[in-house]
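Enquirer: Take this structure first; my questions come after.
Every read-out reported here was derived from the displayed coordinates using simple, explicitly stated rules and does not represent laboratory data. All figures in this text were calculated on a predicted structure; none of them were measured in a lab. Cβ sites come from the backbone with ideal geometry, for glycine too, and all protein chains shown count toward neighbours.
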Amino acid sequence: MKDDLILDLAKDVLDDMKAIDIDAIDVRELTSITDHMIFCTGTSNRHARSIVDRVVEKMKEISMPVLGIEGYDSGQWVLIDLGDAILHVMLRDVREFYKLEDLWSVGADFSINEN
């Protein structure tokens, strides 16, 4: 239930903030660190930080903890640890270089797949 709440909130915020190429992968069978990996692309450093700010704001509104944020200052790849989900907000060139979806999608189920 909590997983669905986090995924729905993240998807809504990413849609509202015009994030690009939103994908979420169910990684419960692959790792114990989280249940879902969520990926999206921001159009600029400022856009990526704005997406992160809005996710954090919405999580606080529903009293869900944000366990950590990494990469906020550069805004090129910002990771938000939401406990049951880890959200990666990346610029296009960073996302294409690291191809994390390829790494995590082996044997996983996609929860969200929008372009």
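Enquirer: Which percentage, to the nearest 5, of the DSSP beta bridges contained in the chain is antiparallel? Each step should come with its number before you reach the end.
Expert: Details: 17 of 24 bridges.
Here the antiparallel bridges make up roughly 70 percent for the chain.
Enquirer: Moving on to the next point. Can you tell me the convex hull volume per residue for the chain, based on C-alpha atoms, in Å³ to the nearest whole number?
Expert: On the way: hull volume 10.6 nm³, N = 115.
In the chain, the Cα hull volume divided by residue count equals 92 Å³.
Enquirer: A follow-up question, please. Hey, in the GNM for the chain with a 10 angstrom Cα cutoff, which one of SER63, SER105, SER50 fluctuates hardest?
Expert: SER63
Enquirer: I would also like to ask the following. Which residues' amide hydrogens lie under 5 Å from the amide hydrogen of VAL27, considering only partners 5 or more residues apart or on another chain, with H built in the peptide plane?
Expert: HIS36, MET37
Enquirer: Gaussian network model of the chain, Cα springs within a sub-10 Å range: biggest mean-square fluctuation belongs to which of VAL55, VAL13, VAL94?
Expert: It is VAL94.
Enquirer: So if I place +1 on the C-beta of Lys and Arg and -1 on the C-beta of Asp and Glu, and nothing else carries charge, what would the dipole magnitude of the chain be about its Cα centre? I want it in debye, nearest 20. Let's see the in-between values first.
Expert: Working: 12 positive and 24 negative charges, 85 e Å.
Around 400 debye, computed over the chain.
Enquirer: Residue by residue through the range 39-56, which ³J(HN,Hα) values in whole Hz follow from phi under the Karplus form 6.51 cos²θ - 1.76 cosθ + 1.60 (θ = phi - 60°), with glycine and proline marked x?
Expert: Taking θ as phi minus 60°, the curve returns 10, 8, 10, x, 7, 7, 4, 5, 5, 4, 5, 5, 4, 4, 4, 5, 4, 4 Hz for the range 39-56.
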